[in-house]
Amino acid sequence: MIRSLAAALCLTTGISLAIASPLAAQEAIRSKPTALPVDDATPAPKDIPYPGGTIRLEVDASDTTQRIFRVKETIPVATSGPMTLLMPEWLPGNHAPRGQLEKLNGLTFTADGKPLSWKRDPLNVYGFVIDVPQGTKQVVAQFQFLSATAGNQGRVVVTPKMQNIQWEAVSLYPAGYYTRQIPVQATVTYPAGWQAATALRGKRTGDTVAYDVIDYEALQDSPVFAGEHFKAVDLGNNVTLNIVADDADELVYTPEQIAKHKRLVDEAGALFGSYHFDHYDFLLAITDEMGGIGLEHHRSSENQVEPGYFKKWSDGEALLDRNLLPHEFTHSWDGKFRRPDLLWTPDFRTPMQDNLLWVYEGQTQFWGYVLGARSGLFTKQETLDAYAQIAAKLDTTVGRQWRPMEDTTHDPIISARRPKGWVSWQRSEDYYNEGLMIWLEADAIIRKQTRGAKGLDEFAKAFFGVKPGDWGELVYNRQDVINTLNGIAPYDWAGFFQTYVDSPTRETPKGGFTMGGYKLVYGDTPNAITKAAEGANKIVDQSYGIGLIVKNDGEISSVIWDSPAFKAGLLVGAKIVAVNGDEYSGDVFKAAIKAKAPFQIILKKDKYYRTLSLDYSGGLRYPRLEKTGEGEGSLDKLLKPKT
């Protein structure tokens, strides 16, 4: 009616009515503020010495009951006025902003015994701004780091038997300087009688160790493992295996086991042709009480394995922990010494750019398995089984159809390693294992191009082995990688990476298998690695056929996107309570799949039950590698020891 009246008015008066846009109609009822200028008070880092002098950092780490680190930090100052002190945010090896700021509490500052007020920088909440009074020579900061007392608070780093001190958690640093230009002298008081290991060196008095002065960058790169049950083992070439354990009997090993670890050090030296450290400390925790970790540093690494690392050496499940040390050791060359130019940063506030993690982590994953085989930590067959498991699992990652592998290098920032409901479609940090498969194919290409004269070993020497003894950082970009590869074996390496790194793909690269004398096949019997993973994780893994991983209690932990299980309506977190009328068990579930006929399940999710039919008749499917030719192929040659 109103619309008709308006039309009539237009016709009778000859007046045209302009129709207002939706945005214009809103103008009369919306206030419109003007943006204020953004004032970033944190000074940019400069590559000049910190003028105040050496910071004294005192950490009381003796509390194993409430697990609180108490910190006193004396920061010399050269000038008065505004000063910003930062807690590290972007942490090397984490590839993301992982500083545990919420655990820093009770913060106070004083100058000449008088309290100083502070405020947090709202644009950088890791920054604390103080006003240094005229004539002040030093500022004293005191605070507590409230380490996790349960797994839902973060990684547990203190138990009654051991602890892991990461310096970024118990220190602040002055903004405005490259962290390598800030000298620090750290002192730690440990629980009574405990021994400690770190890449730092110092002098012990009672239960307190005063470490030598070092720059803040290197301090952060030199964490500590300490414990009641401790043993240090010389592996040669200035490398030490430092072991802490929940129980003393976990420190008992055989000469043969240590010989394999010594050979790891020798094989790495033979591979890279040099060592990039004056000394190196493996920090190895054998525990199910302290939180898991595998983190690289230039002259050390943090490693946690399950109890039984030595005691259950021959058990299948123990295999799963033996790739950790070769991987983290490789990082001394790949990731710490040679580092992507945009992943290296002058301080721990500057964001890292993760695009080249398929070299940093992917090639490290590649060499970790190769060195594991060459040193004897894995047998050759166990290594081939691991490759089969990796390739098959990657082929279930159908998210590769829309998400290029390089985009997964940003996943540490995007998802912060939180669990995902549809990981096969979302993808996760595939740059590790897909990177391995890419470099496996690259090795096979080099061997084919050079008729077996060269392999990726030559790339390792040329790229990572330069400047022996240098434990600084030598940065690179993608073109540097391509140029080095072309110097070894001319090939369209730019196109190779364009295909596998930058573009969506249908399946993981398998040229390392096919050119190397093997092919990926499936059967109804799990290989050694798959069997170990099923046992350790208490699961039935049928990702490769029906598209399900189910825990032994029936809870679904993974559903492969677009698989028969997906099409039937299954989802993570639901629980299979019955199969063909029988109460769920792993054996009942596998028997139903093995029958190669559709079967019925009863599914429970929350308080709701459903009866579903799984239309699948493909049987059990487990991956393995099958030899395709006679004699020694390029993959066999790759895994042969060099020492």
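The values are calculated or read from the model by the stated rules, or taken from the named source; none is laboratory data. On a predicted model such as this, the values are computed, not experimentally measured, just so you know. Quick reminder, even Gly has a Cβ in these numbers, built from the backbone with ideal geometry, and neighbours come from all protein chains shown. For accessibility, only protein heavy atoms count, side chains too; no ligands or nucleic acids. Shrake-Rupley method; radii C 1.70, N 1.55, O 1.52, S 1.80 Å.
Rundown of residues vs (1) over 28 Å from Lys642 (Cβ atoms); (2) in contact with a Leu (Cβ under 9 Å, 6 or more places away or on another chain), yes/no style:
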| position | (1), (2) |
| --- | --- |
| Thr205 | yes, no |
| Ala210 | yes, no |
| Tyr216 | yes, no |
| His229 | yes, yes |
| His261 | no, yes |
| Leu271 | no, yes |
| Ala285 | yes, no |
query: If you check every pair at least six apart or on different chains, which have Cβ atoms under 6 Å apart with a residue in the range 488-509 that is in contact (Cβ under 8 Å) with a residue 40 or more places away in the chain first and a residue that is of a type in the set (Lys, Arg) and open to solvent by 20 Å² or more (accessible area, probe 1.4 Å) second?
result: Ile488/Lys454
message: Within the range 34-46, does at least one residue satisfy the condition of being touching a Pro at 6+ places or on another chain (Cβ under 8 Å), at pLDDT below 95 and of a type in the set (Gly, Ala, Ser)?
response: yes
message: Whether any residue in the range 294-302 is assigned to a helix (DSSP H, G or I) and touching a Phe, Trp or Tyr at 6+ places or on another chain (Cβ under 8 Å) is what I want to check.
response: no
- request: Need at least 1 residues that are of a type in the set (Asp, Glu) and open to solvent by less than 10 Å² (accessible area, probe 1.4 Å) per element, so show me which helices (runs of 4 or more DSSP H) inside the range 351-446 make the cut, counting only ones lying wholly within it.
  value: 411-414
query: Regarding Met352, is this residue of a type outside the set (D, E, K, R) and touching a His at 6+ places or on another chain (Cβ under 8 Å)?
result: yes
message: Can you report the number of residues in the range 40-62 which are in a loop (DSSP other than H, G, I, E, B) and in contact (Cβ under 8 Å) with a residue 60 or more places away in the chain?
response: 15
field: Residue match in the range 581-596 (condition: within 27 Å of the chain's Cα centre (by Cα) and aromatic (Phe, Trp, Tyr))
entry: no
statement: Those residues of the range 274-293 that are crowded, with 21+ Cβ neighbours inside 10 Å and farther than 26 Å from Gly472 by Cα come to a total of 4
- request: Could you please find all residues in the range 498-508 being in a helix (DSSP H, G or I), surrounded by fewer than 21 Cβ atoms within 10 Å (Cβ to Cβ) and of a type outside the set (Val, Ile, Thr)?
  value: Gln498, Asp502
task: Could you look through the range 474-494, keep only residues that are more than 26 Å from the chain's Cα centre (by Cα) and in a loop (DSSP other than H, G, I, E, B), and pick out the one that is farthest from Asp457 (Cα to Cα)?
output: Asp492
field: Only listed residue being surrounded by fewer than 20 Cβ atoms within 10 Å (Cβ to Cβ) and assigned to a strand (DSSP E or B), chosen from Asn105, Asn94
entry: Asn105
message: Step by step: first the residues of the range 223-237, then only those that are closer than 30 Å to Ser274 by Cβ and outside any strand (DSSP E or B), then the one that is most open to solvent (accessible area, probe 1.4 Å). Which residue is that?
response: Asn237
- request: Quick one: which residue in Tyr518, Tyr544, Tyr522 is touching a residue at least 40 places away in the same chain (Cβ under 8 Å), surrounded by fewer than 18 Cβ atoms within 10 Å (Cβ to Cβ) and not acidic (Asp, Glu)?
  value: Tyr522
query: Do you know which residues across the range 194-207 are within 23 Å of Gly291 (Cβ to Cβ), open to solvent by 10 Å² or more (accessible area, probe 1.4 Å) and assigned to a loop (DSSP other than H, G, I, E, B)?
result: Trp194, Leu200
- prompt: Can you name every residue in the range 145-160 that is outside any loop (DSSP other than H, G, I, E, B) and open to solvent by less than 80 Å² (accessible area, probe 1.4 Å)?
  reply: Phe145, Leu146, Gly151, Val158
message: When the residues of the range 294-348 are narrowed to those that are open to solvent by 30 Å² or more (accessible area, probe 1.4 Å) and hydrophobic (A, V, I, L, M, F, W, C), which ends up nearest to Tyr432 (Cα to Cα)?
response: Leu324
- prompt: Which ones in the range 111-140 are within 38 Å of the chain's Cα centre (by Cα) and either among the β-branched types (Val, Ile, Thr) or part of a loop (DSSP other than H, G, I, E, B) (or both)?
  reply: Ser117, Pro122, Leu123, Val125, Val129, Ile130, Val139, Val140
message: Give me the residue from the range 254-277 that is in a loop (DSSP other than H, G, I, E, B) and over 25 Å from the mean Cα position of the chain (by Cα) and, out of that set, nearest to Glu228 (Cα to Cα).
response: Thr254
- request: Mind telling me which of the residues Gln185, Gln181, Gln142, Gln163 ends up being open to solvent by 70 Å² or more (accessible area, probe 1.4 Å) and touching a residue at least 40 places away in the same chain (Cβ under 8 Å)?
  value: Gln142
- prompt: So, of the residues in the range 514-547 that are outside any loop (DSSP other than H, G, I, E, B) and of a type in the set (D, E, K, R), which turns out to be nearest to Ala578 (Cα to Cα)?
  reply: Asp541
- request: Could you tell me which residue of the range 67-91 is farthest from the chain's Cα centre (by Cα), considering only residues that are closer than 23 Å to Glu302 by Cβ and not in a strand (DSSP E or B)?
  value: Arg67
task: Please tell me if Thr240 is polar (S, T, N, Q) and open to solvent by 10 Å² or more (accessible area, probe 1.4 Å).
output: yes
message: Let me spell it out: the conditions are (1) under 19 Å from the mean Cα position of the chain (by Cα); (2) more than 25 Å from Pro45 (Cβ to Cβ); (3) among the aromatic types (Phe, Trp, Tyr), and Tyr309 meets all of them except one. Which number is the exception?
response: (1)
Residue that is nearest to the chain's Cα centre (by Cα), among those in the range 208-222 that are of a type in the set (Gly, Ala, Ser) and not in a loop (DSSP other than H, G, I, E, B): Ala218
